[in-house]
Amino acid sequence: MDAGLIAQYVMNGLMLGMMYALVAVGFTLFFGVLDVIKFSHGDVLTVGAFTALATFVGLSAAGIRSDLLLLPAMLVAAIAAMAALGMLIARCLVLPLRSAPALNTLLVTLMLGTALREAVRLFYPQGANPKPFPALLPAASIPLGQFNLRLDNSIMLAAGVGVIVGLQLLLNRTRLGLAIRAVAQDEETARTMGINFNAIVLVTFAIGSALAAFAGLMNGLYYNEINFGMGLLLGVIGFTAAIIGGLGSVYGAILGGFLFAALQTIGAVALPFGSAYKDVFAFAVVIVFMAWRPTGLIQEKISERV
Amino acid sequence: MAEADPQAAPRVAPKPRASLWPGVAALVVATAYLITLLAVERQQLIMGLLALAIVAFVAASWLGLLAPVIRSFAQRERALGALAILAVLAVAGYFREDHFVLLLLVTVLLYTVACLGLNIQFGYAGVLNFAGASFFGIGAYTSAVLNAHTVVPHLVVLLVGGLLAALIGSLLLLPVLRTRGHYAALVTIAFALLLKTFLEVNDVLGGPQGLQVRGMQVLGWSFNDNISIGGIELSFYMSYLALSMLLLVGAFILVLRLERSWIGLNLDAMRLDETAASCFGLNPARWKITAFTLGNFLIGIAGALFGMVGGFVAPNNYTFADSLILVSILLLGGIGSPWGVAVATVIVVVVPEKLQTIQEYRFLLYALLVIVVLLFRPEGLLPRPVRRYFPGWRQ
Amino acid sequence: MLAAVLAASTMSATADAKDKVKVGFIGPLTGGVSVNGIGGRNSAELSVRLRNADAKAKYEYELVVLDDECKPNVAVQVATRMAADKEIVAAATHYCSSTAIATVDVYHKFGLPVVVWGAVLPDITYRNKYAEVHRVNGTMINQNDANAELVTKLGYKTFAVIHDTTDYGKGHNQYFSAAVTKLGGKILGTFGVTADQQDFTAELTQIKALNPQVIYFGGLTPIGVRIRAQMDRLGIKAVFDGTSGIVSDAFIQGLGPLAEGSLAFREGAPTEKLPGGKLFMEKYTAQKYDNPPEAYGAFAFAAMDLILDTIEKVGPNRKQVIAELRKTKDRDSIVGKITFDDHGQNTVAVITRYVIQDGKFVEWEDSQYASGKRKLPGQP
C-alpha cells in the first residue's frame, strides 16, 4: 500500500484516538476519585459541544466575526459551563448516593445521560437535526502524495496532546494534583490529613467535564457537524477505552483510547467487506478482552470484606 | 388445680388469613380506571384522569388503605391472580373491535414477560443485563427468518426464538461471569451496541430496512384475519392477546414459584453476598448461568411473539436506549417484584401512547422519573416484600 | 363518577352543518430530513385549509399528522396507529423511501388507502399489487437514467458509488450502476454506509486510492453533507453527483461554499414551473409558514387534494375511496395530469437536472457550467 495512504489512515486513527482518549481520561478520573462510573460523561460532551455552538451563534448574531475571538470564546464558554455542570452532577446525584449500592449510581448516571441527550434534542432549537458546526481553524492543506496534511487536524492534534500533558503536569506536579491522587488512593487517610474531600471531588468532576467539553469542541471542529446523539457512542467507547487501559490509571486511559481507535481503523482496512463491520469488530474484541482480563490491562487488586 | 407451666410459650391466637375483599376492590377499581383511560380520547380528560390516579394513590396510602390491599395480594395470591386474568379479559372484551387498544394491551403483556425475564437476571441473581432489548430482538428476528423461509410450526418458532436468545446469551457468559459491577455492565452494553450495528450492516438479515414477519398461523387458524363469532366482530389482535395472556400467566407462575423455591433462595443468597454464599457451598457461577440463560429464554420467547404481532422487525427497534427502557420498568416497579413489574409496564407503555402531548418527551420523562425514584424511593412502586422463611408465618 | 367521565367523552359535539372527516399525513417531522417533512406537512395542511374554507365542500376535514422520523420501525408504528384508527379515511404518506416500503404491508393489512407524496423507490408501488397504495411523484429509475446520461456526456469515465444501506440507497445504486455501465462508464468501487453514519474517512480514504473522477451518492441530505465535507478534508477532488435526496436547502446550508459544483437530479419540474406551481407558491407564502415547501411540497399538496376530491365524490368510506382512486385518469392537479397505472403509480415524465451554483440549485441548462463559463472538477 502506498505510504501516503498509510499515513492518511494513521492520521485518521490518531484523530479518533485523541478524542476517545480525552473522554476515557474523564472516566478514569471519576472512577479513581469516587469509585463511580459516570455514564453521563459522553452526554456532557454533547452538551459542551452544543454550548459552544450556542456561543458561536450568539456572538455572531452580536456582530463578532473574527475567528480569533470566536474560538477562544467558545472554548471558554463550553469549558466553564461543563465544569459547572460536572460539579452540579457530583453535588446532587453522585455524592448523595455514595452509600447506596454501586448499581444505583450506575443507573442514575445512565439515566442522567439519557435525560441530557433528550433535553438537548427537545429544547435546543431543532435539536433533533444534525447541526453544522463552524470551521474556525485554518483549512489550508498540504498534499503529500496520497496523504493530505491539513493544518486544522494538526492544530487539533497538538492541542489535544497539550491538554493531556497539562493534565499530567497538574496531577503530578501541583498540590491540587497531589490532593486528587491522595483521595483516589485512600479516602479516609486523605481526610485525616486535612484534605477537603467534598471540594476535591467537585474539582475532579469539574476537570473531567471540562475535558469532555474540549473533546466535544474538537469533535465539532473535526466533523463540522454536531448532533444530539454524538455523546452516546463516544461515551461507551471512552468507557471501553478506560477499562481496557485499567480504571484509575490516566496513562491506561490514554493508551486505551488510541488502542480502540487503532482497532477500528484496522477493522476498516483489513476486513474484506468493509468498513461497515469495523464497529462490530471493535466491540467483539472488547468483549473477548473482558473475558480474558476482567479489569483491564492493569490488573486491579480487589479485596472484599465479608 | 393445674398450674400453667411457666416455661410454656404463651398461647398466641393465629392471625386470620387476610380478607379477599380489599384485593378484589382494588382490582375492580383498577380495571374500571384502565378501561376509562384507554377509551378516552380528549387530552384534557386524560391528563385529568392521570392526576386523579396520582391523588387517589397518595390519599389511599395516607389513609392506610394500601396496607390491607398489599396483605390481601400477598396471602391470597392464587385467587387474586385468577381474578386479575379475568380483569384483563374484561378489558380486552370491552375493546374487542378496537385494533389499537388491543395492540397496546398485547404490547404490555409481552413487555411484562420480557421484564420478568430481566427480573430473574437483575432482581434475583444480581446479574446486570443492559442488552435486554437485544435479546428481545434476537427472538423477533428468529420468527422473521423462520416464518419466511421454513415451515417450522409457529408455536415451535416461539420456542426456538427463546432458545436462540439463550444460546447467544451464553456467548457472553464467560465475560459476564468473570466481571463484576461496572465491568459487567460494559460487557452487556458493548453487546447491545454490537448487535444493533451488526443487524444494521448485515444485508442477509435485511439491514436497516428490516424484515417483514408473517403473521402467526396455528393449525390453519391464521392470526392475522379478523374474527367473527356469531354476529360479533373481533379484531385479529384478539388471537395474539389470548396467546400472550397464556405466555404471561406461564411466565408469572414460573417466576413466583422460582422465587419461593430453593432456586430462588440460592439466587438471593448469591446476589446479596457472593463470597459468603460460596462459603456456604453455593457455586456462584452455576447460579449466574442459570439465571442469565433462563432470563434470556423468556425475553427471547416474548420477542418472537412480538415480532409476529407487529409484523415488522428492524435494528432500530432494539437499541441500547430500548434496553434502558426495560431496565427503567424494572426499577420503577421495584426490583424483584413481579407484580410491580406488571404495574410499571402498564404505566410505561400506556401513558405516553394516550398522552400524545408527552409522546415526544417520553424518553426524557422516563429518565427523570427513574432518577427521582432512585434518589428517593429506590425500592420502587411495589417493593419486593421481605422473604417469608417460615411456612405459615403471617405478616 | 367514572361513568360520568365515560359519558362525557362519548358525547359527540353539537351537530355541525357538515360531518367531520379525518384524513392523515405522515412524514419525517424530526431528524435530519425534517425540513422536507415539515414542508410536506405544511402543504398538505394548506390543501385541507383551502378545502375547509370552500363553502361548496361536503365535509369538514381534520388533518391528523404523525411523524415517522425517517426510520422504518417508527414508520410501522405510526402507520399501524393511523391505519387502525377507523375514523381516518385516507392518508398522504412518506417522504423517505425506507419508511414507505416498510409500511405498504400495514396499509394493506388494515385497508387504508394512501397516496405517497415523496418517496421514489419503485418497489413501493411495484413490489406488490396492493390496491391501497398509490403515488403521485415519480420513481428513481428515470432520474438515474438522466444522471448517467449527463455525466457520461460530459466525458467522465470513472465512478465510485457511495450509497446508504436502506432500500432507498440500494435502489439508487442498482439503477445508476446499471445505467452508467450501459453508457460505458466504469465503476471502480461501491461502498454501503449506514444512514446515520458519522465518520466516512475509512471509505473515503479507500476511494482516494481508487481515484475516480465522479463520486455518485445515493442517499439523503444528512450524510450527503458529511461525505462532501469529509471529501474536502481528505483532499479528494472529484465531482459530487447526487440524487433527489440532496435536493434540499439543508444541503447548501450545511456545506456553504463546499456545495458549489454538486450535481443533483429529480423527477418533476421545479415547483415554479409546474402547471399549478405559481398558484401553489402564492397560497403557500400567504400562510406565512416557517418552512419552505421544499422539493416535494407541491406533490404533498397534490396528493392531499386528490384524496379530498375523492372523498367528496364517494364519501368517507375507505373501500369506496380505494375503488375510486384506482380509476384516476388524467385528473388535473397542480403537478400536472395524474393517471394511476394498474399499480397505482403516476407517470412523471420530466426530469430536472440541477447543479449547485453560488449557493442555489440552478437548472443545468441555465447554469454557467453548461455554457462553459465554469468547469466542474476534472471536467475533460
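Can you tell me how many residues within segment A:136-160 are part of a loop (DSSP other than H, G, I, E, B) and either more than 9 Å from every other protein chain (Cβ to nearest Cβ) or within 17 Å of A:A54 (Cβ to Cβ) (or both)?
5
In this structure, does C:L279 turn out to be open to solvent by 10 Å² or more (accessible area, probe 1.4 Å), hydrophobic (A, V, I, L, M, F, W, C) and touching a residue at least 12 places away in the same chain (Cβ under 8 Å)?
Yes: the conditions hold for C:L279.
If only one of A:I266, A:I244, A:I237 is without any contact (Cβ under 8 Å) to a residue 24 or more places away in the chain and either more than 27 Å from A:P134 (Cβ to Cβ) or among the aliphatic types (A, V, I, L, M) (or both), which one is it?
Step by step, each of A:I266, A:I244, A:I237 is checked, and only A:I266 is without any contact (Cβ under 8 Å) to a residue 24 or more places away in the chain and either more than 27 Å from A:P134 (Cβ to Cβ) or among the aliphatic types (A, V, I, L, M) (or both).
Return only the number of the condition from (1) within 14 Å of chain C (Cβ to nearest Cβ); (2) under 26 Å from B:L375 (Cβ atoms) that A:L112 does not satisfy.
A:L112 satisfies every listed condition except (1).
Of all residues in segment B:35-47 being free of Cβ contacts under 8 Å to residues at least 40 places away in the same chain and over 27 Å from the mean Cα position of the chain (by Cα), which is farthest from the other protein chains (Cβ to nearest Cβ)?
Here the answer is B:Q44.
Within the group B:A144, B:A133, B:A148, which residue is hydrophobic (A, V, I, L, M, F, W, C), under 27 Å from B:L193 (Cα atoms), touching a strand residue (DSSP E or B) at 6+ places or on another chain (Cβ under 6 Å) and assigned by TED's automatic domain parsing to the domain that holds B:A269?
B:A144
Which numbered condition trips up A:V47, out of (1) facing another protein chain (nearest Cβ under 10 Å); (2) under 15 Å from A:T109 (Cβ atoms)?
(1)
Tally time: how many residues in segment B:209-222 are open to solvent by 20 Å² or more (accessible area, probe 1.4 Å) and within 24 Å of B:A314 (Cα to Cα)?
Matching residues across segment B:209-222 total 5.
Quick check on this structure: which one of C:N137, C:N128, C:N144 is open to solvent by 10 Å² or more (accessible area, probe 1.4 Å), more than 14 Å from chain A (Cβ to nearest Cβ) and either modelled with pLDDT of 90 or more or assigned to a loop (DSSP other than H, G, I, E, B) (or both)?
Exactly one residue qualifies, and that residue is C:N128.
Within segment C:297-310, can one find any residue that is assigned to a loop (DSSP other than H, G, I, E, B), surrounded by 13 or more Cβ atoms within 10 Å (Cβ to Cβ), within 17 Å of the chain's Cα centre (by Cα) and not hydrophobic (A, V, I, L, M, F, W, C)?
The answer is no; no qualifying residue exists.
If you take just the helices (runs of 4 or more DSSP H) that sit entirely in segment B:201-304, which of them hold at least 1 residues that are more than 25 Å from the chain's Cα centre (by Cα)?
By residue number, B:274-279.
Answer with yes or no whether B:A125 is crowded, with 19+ Cβ neighbours inside 10 Å and within 9 Å of another protein chain (Cβ to nearest Cβ).
no
Taking the stated definitions as given, is C:D232 of a type in the set (D, E) and within 20 Å of A:E225 (Cβ to Cβ)?
Against the criterion (of a type in the set (D, E) and within 20 Å of A:E225 (Cβ to Cβ)), C:D232 qualifies.
I'm trying to understand the selection: among the residues of segment C:311-340, which are in a loop (DSSP other than H, G, I, E, B) and open to solvent by 20 Å² or more (accessible area, probe 1.4 Å)?
Within segment C:311-340, C:P316, C:N317, C:K327, C:K329, C:D330, C:D332, C:S333, C:I334, C:V335, C:K337, C:T339 meet the criteria.
Does segment C:165-182 include one or more residues that are within 14 Å of chain A (Cβ to nearest Cβ) and more than 20 Å from the chain's Cα centre (by Cα)?
no
Suppose the filter is modelled with pLDDT under 85, crowded, with 22+ Cβ neighbours inside 10 Å, in a helix (DSSP H, G or I) and not assigned by TED's automatic domain parsing to the domain that holds B:M238; does B:S72 pass it?
yes
Checking C:I101 against (1) surrounded by 24 or more Cβ atoms within 10 Å (Cβ to Cβ); (2) out of contact with any Asp or Glu (no Cβ under 6 Å at 6 or more places or on another chain); (3) within 11 Å of chain B (Cβ to nearest Cβ), which single condition isn't satisfied?
The number of the failed condition is (2).
Provide a single number: the residues in segment C:75-89 that are in contact (Cβ under 8 Å) with a residue 24 or more places away in the chain, assigned to a helix (DSSP H, G or I) and closer than 26 Å to B:A39 by Cβ.
7
The values are calculated or read from the model by the stated rules, or taken from the named source; none is laboratory data. Nothing here was measured: the structure is a model prediction, and the numbers come from that model. Glycine also receives a Cβ, built like all others from the backbone with ideal geometry; neighbour counts cover every protein chain displayed. For the accessible areas, the whole protein counts, side chains as well, though only heavy atoms, and no ligand, DNA or RNA atoms are used. Shrake-Rupley method; radii C 1.70, N 1.55, O 1.52, S 1.80 Å.
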